[in-house]
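J.: Can you read through this structure? Questions will come right after.
The values are calculated or read from the model by the stated rules, or taken from the named source; none is laboratory data. Just so we're clear, the structure is a prediction, and the values are computed from it rather than from any experiment. Because the Cβ atoms are built from the backbone with ideal geometry, glycine has one as well, and the counts that use them run over all protein chains shown. Calculation scope for accessible area: heavy atoms of the full protein, side chains included, ligands and nucleic acids excluded. Shrake-Rupley method; radii C 1.70, N 1.55, O 1.52, S 1.80 Å.
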Amino acid sequence: MLIYIIILLIGIAMIVLGTCIAVAQFLFDMCFTRPKEPEKEIEICIQNIEKHGGNGALIRQGRDWMLSKNVSQHYITSRDGLRLHGIYISNEESTKDRVAVLVHGYHGAPSFDFSAAAKLYYNNGFSLFLPDQRTHGESEGKYICFGALERLDCVRWAEYIDRRIGGEIFLDGISMGASTVLMASGEA
């Protein structure tokens, strides 16, 4: 009889352990991997902003403004071999030689996170560089590192911009992008 109780307890423990592992894997994948449908997530976010009295129209206008500009696509390779993507919007009207690197946040996109601020930077004489952080947009990557590895990508982008475009480089970020640029500014 005791052996049956022990087998039953082991079986229950295995079920509990298996459930814990499955839940942990689900949560890990949800938090640390590429968003499944980023454009859909952004649209839902805009709709929620509008539903709760926010100005989703301002976000849409900013995105449309960015997409209406002549952008050039740029790619670099990260220190760990990932192909990273960013877009550059040259400010031909400006007499200043300045580039604002605008780094989006967690599960974000530059056209959403900087939908309002990009035009402000542009109107103040900045050209714009908007990278897709690793595991976002067109950039490669399996896991989101919340700025820990992204900071090195940001340094690479700054070096790339310095070589290819030149001028003063200004870093700005939102949420995880802020973490990225702050940690990048501490690098040599």
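J.: Is one or more of the residues making up the range 29-51 modelled with pLDDT under 95 and over 23 Å from the mean Cα position of the chain (by Cα)?
T.: yes
J.: Follow-up question, since we're still on this one. Name the single residue, out of those in the range 92-123 being open to solvent by 10 Å² or more (accessible area, probe 1.4 Å) and farther than 23 Å from Ala57 by Cβ, that is nearest to the chain's Cα centre (by Cα).
T.: That would be Tyr106.
J.: Same structure again: Can you pull out the helices (runs of 4 or more DSSP H) entirely within the range 1-80 that have at least 3 residues that are farther than 19 Å from Lys119 by Cα and open to solvent by less than 70 Å² (accessible area, probe 1.4 Å)?
T.: Those helices (runs of 4 or more DSSP H) span 2-32, 38-51.
J.: Another question, if that's okay. I'd like to know if the range 153-163 contains one or more residues that are within 27 Å of Glu37 (Cβ to Cβ) and modelled with pLDDT under 95. First the steps, then the outcome.
T.: Quick first cut of the range 153-163, residues within 27 Å of Glu37 (Cβ to Cβ) only: 153-154, 157.
Then drop every residue that is not modelled with pLDDT under 95, which leaves none.
No, the range 153-163 has no match at all.
J.: So, of the residues in the range 157-188 that are over 30 Å from Lys40 (Cα atoms) and charged (D, E, K, R), which turns out to be surrounded by the fewest Cβ atoms within 10 Å (Cβ to Cβ)?
T.: If we take residues in the range 157-188 being over 30 Å from Lys40 (Cα atoms) and charged (D, E, K, R), then Arg163 is surrounded by the fewest Cβ atoms within 10 Å (Cβ to Cβ).
J.: Still on this structure, I have one more. Sort out which residues of the range 81-91 are more than 17 Å from the chain's Cα centre (by Cα) and crowded, with 18+ Cβ neighbours inside 10 Å, and write them in order of number.
T.: Hits for the range 81-91 are Ile89, Asn91.
J.: Do we find that Cys20 is modelled with pLDDT under 90 and either touching a Leu at 6+ places or on another chain (Cβ under 8 Å) or farther than 28 Å from Ser127 by Cβ (or both) in this structure?
T.: No; evaluated as a whole, the condition is false for this residue.
J.: Filter the range 124-149 down to residues that are open to solvent by 40 Å² or more (accessible area, probe 1.4 Å) and hydroxyl-bearing (Ser, Thr, Tyr), then give me how many there are.
T.: Of the residues in the range 124-149, 1 are open to solvent by 40 Å² or more (accessible area, probe 1.4 Å) and hydroxyl-bearing (Ser, Thr, Tyr).
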